[in-house]
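Trainee: I am attaching a structure below and will ask some questions about it afterwards.
The values are calculated or read from the model by the stated rules, or taken from the named source; none is laboratory data. Since the model is a prediction, treat every value here as computed from it, not as a measurement. Note: ideal-geometry Cβ built from the backbone for every residue, glycine included; neighbour counts use all protein chains shown.
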């Protein structure tokens, strides 16, 4: 199992000091030292005050913040979790993506999704009702633009006549795409072109807000992963070519000491999960750093030692 740390600023009620440069540097470096595979930043460029006051969260621009993290680390992956592609012109996004991937020496992972916050779509002047269509259009651009020195595309919102994105990304034909969403459409997209699928187990109130498909149990998750694997084979891709990354309903908080946490990780691995997205404490920087370090020692290092000994 690999572990991605979601930057704690994006948790409801997080300490404002986590937005300071020193905090970002220390958490990024602590995550790398602890053995986390990636650090992740989410994407809410224009959330409504109502949403923020009812369980929503603040955050950085993900590509800008991950660029900052890239400059102070050397090995940890940098993940958008998730980048809402319909919010942006895909060529503008492609330019930022190529820049970050190149300047980080090819460490960018793109977890992407169509988005769900209707008020944010309105604030950004984008069409909420067409978000799935626009998302697929953006995926089409992302998978082709970096390989074509004279990219041509006629979409619903723009026309590109011989565009070149240079310098391009290090990772070709494009940085890995992780497709967010719990439903069949997300698994279909992931099976066709994704490096991974990123479902989320959510509480009932979150489900109501996002309109997502419920995935309340490990059995539901196991069934969905089986469906994904079937679709991967039907797409003519090798078994294991599409990984699964989960933000779990009951195993999303860092808990290095709890035996139930390690049992839960084993249960999710058996169901087919390859990576977990975890949250550090968000109300105090020192507490966040201590939890990250402890998790690295008690879970990540132990798992690595067991793997080296051939026990897992």
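Trainee: Which of the residues that make up segment 84-101 are part of a helix (DSSP H, G or I) and under 16 Å from residue 120 (Cα atoms)?
Mentor: Within segment 84-101, the subset part of a helix (DSSP H, G or I) is 85-87, 90-101.
Residues satisfying the conditions are 85, 86, 87.
Trainee: Applying the selection to segment 281-293, what residues are touching a residue at least 40 places away in the same chain (Cβ under 8 Å) and surrounded by fewer than 17 Cβ atoms within 10 Å (Cβ to Cβ)? Outline the logic, then answer.
Mentor: So in segment 281-293, the residues touching a residue at least 40 places away in the same chain (Cβ under 8 Å) come out as 281-285, 288-289, 292-293.
Of everything in segment 281-293, those that are touching a residue at least 40 places away in the same chain (Cβ under 8 Å) and surrounded by fewer than 17 Cβ atoms within 10 Å (Cβ to Cβ) turn out to be 283, 284, 293.
Trainee: Starting from segment 194-216, keep only residues that are on the phi > 0 side of the Ramachandran plot and at pLDDT 90 or above, then list their pairs with residues that are assigned to a helix (DSSP H, G or I) and exposed (fewer than 13 other Cβ atoms within 10 Å of the Cβ) whose Cβ atoms are within a distance under 8 Å, requiring at least 6 positions of separation or different chains.
Mentor: none
Trainee: Hey, among 91, 117, which residue is buried (at least 16 other Cβ atoms within 10 Å of the Cβ) and within 19 Å of the chain's Cα centre (by Cα)? Working first, answer last.
Mentor: On the way: 91 fails: within 19 Å of the chain's Cα centre (by Cα).
Exactly one residue qualifies, and that residue is 117.
Trainee: When you go through 103, 91, 124 one by one, which is the residue that is touching a strand residue (DSSP E or B) at 6+ places or on another chain (Cβ under 7 Å) and closer than 22 Å to residue 64 by Cα? Break it down stepwise before answering.
Mentor: Working: 103 fails: touching a strand residue (DSSP E or B) at 6+ places or on another chain (Cβ under 7 Å); 124 fails: touching a strand residue (DSSP E or B) at 6+ places or on another chain (Cβ under 7 Å).
Among 103, 91, 124, only 91 is touching a strand residue (DSSP E or B) at 6+ places or on another chain (Cβ under 7 Å) and closer than 22 Å to residue 64 by Cα.
Trainee: Could you say whether any residue in segment 44-53 is buried (at least 22 other Cβ atoms within 10 Å of the Cβ) and touching a helix residue (DSSP H, G or I) at 6+ places or on another chain (Cβ under 7 Å)?
Mentor: Taking segment 44-53 and keeping what is buried (at least 22 other Cβ atoms within 10 Å of the Cβ), we get none.
Among the residues of segment 44-53, not one is buried (at least 22 other Cβ atoms within 10 Å of the Cβ) and touching a helix residue (DSSP H, G or I) at 6+ places or on another chain (Cβ under 7 Å), which makes the answer no.
Trainee: Among the residues of segment 157-174, is there at least one that is surrounded by fewer than 21 Cβ atoms within 10 Å (Cβ to Cβ) and under 18 Å from residue 232 (Cβ atoms)?
Mentor: No, that holds for no residue.
Trainee: Do you know which residues across segment 116-127 are under 21 Å from residue 7 (Cβ atoms) and either at pLDDT 95 or above or assigned to a helix (DSSP H, G or I) (or both)? Let's see the steps before the verdict.
Mentor: Restricting attention to segment 116-127, the residues satisfying the condition of being under 21 Å from residue 7 (Cβ atoms) are 116-117, 120.
Answer for segment 116-127, where residues must be under 21 Å from residue 7 (Cβ atoms) and either at pLDDT 95 or above or assigned to a helix (DSSP H, G or I) (or both): just 120.
Trainee: Would you check if there is a residue in segment 220-231 being crowded, with 21+ Cβ neighbours inside 10 Å, within 22 Å of the chain's Cα centre (by Cα), touching a residue at least 40 places away in the same chain (Cβ under 8 Å) and more than 22 Å from residue 277 (Cα to Cα)?
Mentor: No, because not a single residue in segment 220-231 is crowded, with 21+ Cβ neighbours inside 10 Å, within 22 Å of the chain's Cα centre (by Cα), touching a residue at least 40 places away in the same chain (Cβ under 8 Å) and more than 22 Å from residue 277 (Cα to Cα).
Trainee: Select from segment 54-67 the residues that are touching a helix residue (DSSP H, G or I) at 6+ places or on another chain (Cβ under 8 Å) and crowded, with 16+ Cβ neighbours inside 10 Å and write down the one among them that is farthest from residue 21 (Cα to Cα).
Mentor: That would be 57.
Trainee: Separate question: Kindly provide the set of residues from segment 239-255 that are at pLDDT 95 or above and assigned to a loop (DSSP other than H, G, I, E, B), ordered by number. Spell out the reasoning first.
Mentor: Taking segment 239-255 first, the residues at pLDDT 95 or above are 241-246.
Listed by number, the residues that qualify are 241, 242.
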